[in-house]
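To start, the structure under review is shown below, and the notes come after it.
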Number of protein chains: 2
Amino acid sequence: MTSENGAVPVWARPPAGRRTTLSREAIVAAAVAVADAEGLAAVSIRRVAAELGARAMSLYTYIERKEDLLDLMADEVIAEAHVAEPLPSDWREATMTIARSERAAVRHHPWLVELISRREAVGPNGLRHLEQSVAALSGLGLDRAATLRILAAVGDYTRGFILREHNAADPRRTAAVDRYFKERVGTGAYPHLEPMFRDGVPEQEDTFEIGLTWLLNGIAAGLDREESP
Amino acid sequence: MTSENGAVPVWARPPAGRRTTLSREAIVAAAVAVADAEGLAAVSIRRVAAELGARAMSLYTYIERKEDLLDLMADEVIAEAHVAEPLPSDWREATMTIARSERAAVRHHPWLVELISRREAVGPNGLRHLEQSVAALSGLGLDRAATLRILAAVGDYTRGFILREHNAADPRRTAAVDRYFKERVGTGAYPHLEPMFRDGVPEQEDTFEIGLTWLLNGIAAGLDREESP
DNA sequence: GGGTCCTCCCGTACGCTGTATCGCTTCTCC
DNA sequence: GGAGAAGCGATACAGCGTACGGGAGGACCC
């Protein structure tokens with residue numbers, strides 16, 4: 001039955017079925033393995049089924065559509081972003097630890113970027129991650145709106161960085177793009193870019209913590225200002 | 001000829017052909033129109049060709065693969081992020097203006113998010129945008145590495161925010177996801193989330209400028225510290 | 001003016017995708 | 001032991017990107 005509850009998130013729907021050889025867990029695990037080995041594009045229903053010695057349509061006993069599988073995959077590996085408790089007591093250190101952990105999870109499963117950039121992560125593990133992010137700020141005694149603002153800003157920066165890092169690592173677009181870039185810049189049409197990139201695109205340093213520290217400093221300054229005007 | 005220069009960015013390759021009815025510009029314009037009206041998923045080679053009264057394979061005279069078309073589309077609409085000169089003289093105001101403009105362009109063409117999150121924007125218009133971002137910081141007299149750090153941080157935050165904003169607006173995943181969210185949180189498994197979301201997910205305020213201001217404040221503080229230690 | 005070549009355009013075809021539909025088999029429960 | 005449910009899958013369909021090869025027609029040279 002292709003039921004009418006397509007609007008209900010996967011996790012809220014029971015697998016429905018007397019499982020034997022297949023299972024939702026096995027399907028997700030197989031899909032994650034394929035993605036890890038060959039990228040997200042290699043994850044097709046037929047391919048995952050083959051990996052389990054089954055046929056394509058058998059998977060549809062456990063998921064309703066491929067999007068469900070992608071949701072489950074994302075939630076599966078976002079679990080790796082969980083930080084061992086207890087969190088550092090300082091909110092900035094705690095927030096930074098969580099952000100680092102999120103980045104590490106994505107580095108371990110690069111395809112996660114393509115999923116995160118398409119959907120909100122609100123599966124069980126995604127919620128645990130969110131819970132931890134809120135916990136990191138709990139010592140500040142802020143109200144709900146203020147907490148959400150900080151959470152959003154830190155999360156936005158983190159995901160933006162992760163995205164750029166991921167795209168920059170794409171082997172298809174580096175050498176040739178750099179060459180084109182240098183050539184265009186050399187035309188003189190970009191006066192400010194020219195002195196910066198005359199010798200090509202420099203090796204990027206790892207600026208993740210620098211930017212995050214700037215942001216946290218700015219947030220901290222805002223908090224001080226509120227407390228002691 | 002499916003030439004061997006697939007590694008060269010589209011913009012560097014001449015269209016090659018005695019154009020008559022079709023042209024690269026017309027193809028890109030048609031593709032943008034389809035994406036604006038029906039989303040990026042509706043942009044298929046066959047569909048764009050039909051829009052121009054042509055057959056699918058005709059487009060391949062002007063592009064080598066669909067990815068090229070997507071690159072061209074992204075660069076086409078990122079032009080809207082260009083800010084009318086002169087830029088505000090204050091670097092923070094200038095940076096903020098550019099970031100606002102980037103956000104506005106994406107709001108005007110939501111599908112741009114799906115492209116930006118997949119590739120670096122380095123077409124002619126993307127470079128103009130980058131040029132402006134560098135120009136905004138030129139008054140600070142920083143060296144290349146310091147400029148790039150600030151550029152990266154601001155860009156990461158901006159794109160992270162835009163991404164979240166885009167995903168949150170997805171009509172498919174709001175009501176049902178919220179319901180599931182509330183139910184899970186109600187189980188008591190998430191002690192820090194519970195007091196925050198007991199009554200459901202609150203209406204989000206627009207925090208774009210708040211977060212960006214935090215980041216810029218943090219950057220400014222870092223600059224002061226360097227100047228007068 | 002006639003031949004040659006280059007380029008636009010596209011008909012056809014291939015391998016791939018997600019998934020609707022329906023039927024078979026096997027297990028569970030009364 | 002009969003009935004119903006549930007796992008599994010064969011088949012099929014519409015759609016995708018694009019490789020290949022051919023026809024049409026303008027541009028150029030002799």
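Observations on the model:
- Selection count where residues are among the hydroxyl-bearing types (Ser, Thr, Tyr) and within 9 Å of chain A (Cβ to nearest Cβ), scope the range B:208-229: 1
- Checking every residue in the range A:153-169 against the condition of being facing chain B (nearest Cβ under 8 Å) and of a type in the set (Phe, Trp, Tyr) gives at least one match.
- A residue that is closer than 30 Å to B:Glu131 by Cβ and either modelled with pLDDT of 90 or more or surrounded by 15 or more Cβ atoms within 10 Å (Cβ to Cβ) (or both) occurs nowhere in the range B:185-198.
- Residue ID - surrounded by the most Cβ atoms within 10 Å (Cβ to Cβ), chosen from residues in the range A:117-132 that are in a helix (DSSP H, G or I) and more than 9 Å from every other protein chain (Cβ to nearest Cβ): A:His129
- Checking A:Pro110 against (1) at pLDDT below 95; (2) in a loop (DSSP other than H, G, I, E, B), the condition it does not meet: (1)
- Of residues in the range A:149-163 being closer than 13 Å to B:Arg164 by Cα and aliphatic (A, V, I, L, M), the one surrounded by the fewest Cβ atoms within 10 Å (Cβ to Cβ): A:Leu151
- Wholly within the range B:141-211, helices (runs of 4 or more DSSP H) carrying at least 3 residues that are among the basic types (Lys, Arg): B:144-168, B:175-186
- Set side by side, the residues A:Gly53, A:Gly39 differ, and just one is surrounded by fewer than 18 Cβ atoms within 10 Å (Cβ to Cβ) and under 27 Å from A:Phe208 (Cα atoms), which is A:Gly39.
- Looking only at residues in the range A:200-223 that are among the β-branched types (Val, Ile, Thr) and at pLDDT 90 or above, the one that is nearest to the chain's Cα centre (by Cα) is A:Thr207.
- For the range B:65-88, a residue qualifies if it is over 20 Å from B:Arg128 (Cβ atoms) and surrounded by fewer than 19 Cβ atoms within 10 Å (Cβ to Cβ), and the qualifying residues are B:Arg65, B:Lys66, B:Glu67.
- Residues that are surrounded by fewer than 20 Cβ atoms within 10 Å (Cβ to Cβ) and within 9 Å of chain B (Cβ to nearest Cβ) within the range A:135-147 comprise A:Ser138, A:Arg144, A:Ala145, A:Thr147, listed in sequence order.
- For the residues A:Ala136, A:Ala221, the requirement of being closer than 27 Å to B:Tyr180 by Cα, assigned to a helix (DSSP H, G or I) and not polar (S, T, N, Q) singles out A:Ala136.
- Being more than 7 Å from chain A (Cβ to nearest Cβ), surrounded by 15 or more Cβ atoms within 10 Å (Cβ to Cβ) and charged (D, E, K, R) is a property that holds for B:Asp178.
To keep it simple, each residue is scored yes or no on (1) at pLDDT 95 or above; (2) within 14 Å of chain B (Cβ to nearest Cβ); (3) away from DNA strand C (no atom under 13 Å from the Cβ); (4) part of a helix (DSSP H, G or I).
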residue: A:Val32; (1), (2), (3), (4): yes, no, yes, yes
residue: A:Ala35; (1), (2), (3), (4): yes, no, no, yes
residue: A:Ala41; (1), (2), (3), (4): yes, yes, no, yes
residue: A:Ser58; (1), (2), (3), (4): yes, no, no, yes
residue: A:Leu69; (1), (2), (3), (4): yes, no, no, yes
residue: A:Ala79; (1), (2), (3), (4): yes, no, yes, yes
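- Of the candidates A:Arg55, A:Arg47, A:Arg65, the single residue that is out of contact with any Gly (no Cβ under 7 Å at 6 or more places or on another chain), under 17 Å from A:Glu114 (Cβ atoms) and within 15 Å of DNA strand D (Cβ to nearest atom) is A:Arg47.
- Among residues of the range A:194-212 that are assigned by TED's automatic domain parsing to the domain that holds A:Ala169, those with a beta-carbon under 9 Å from a residue that is modelled with pLDDT under 85 and polar (S, T, N, Q) at least six positions away or on a different chain give the pairs A:Val201/A:Thr174.
The values are calculated or read from the model by the stated rules, or taken from the named source; none is laboratory data. These figures come from a predicted structure and were not determined experimentally. Quick reminder, even Gly has a Cβ in these numbers, built from the backbone with ideal geometry, and neighbours come from all protein chains shown.
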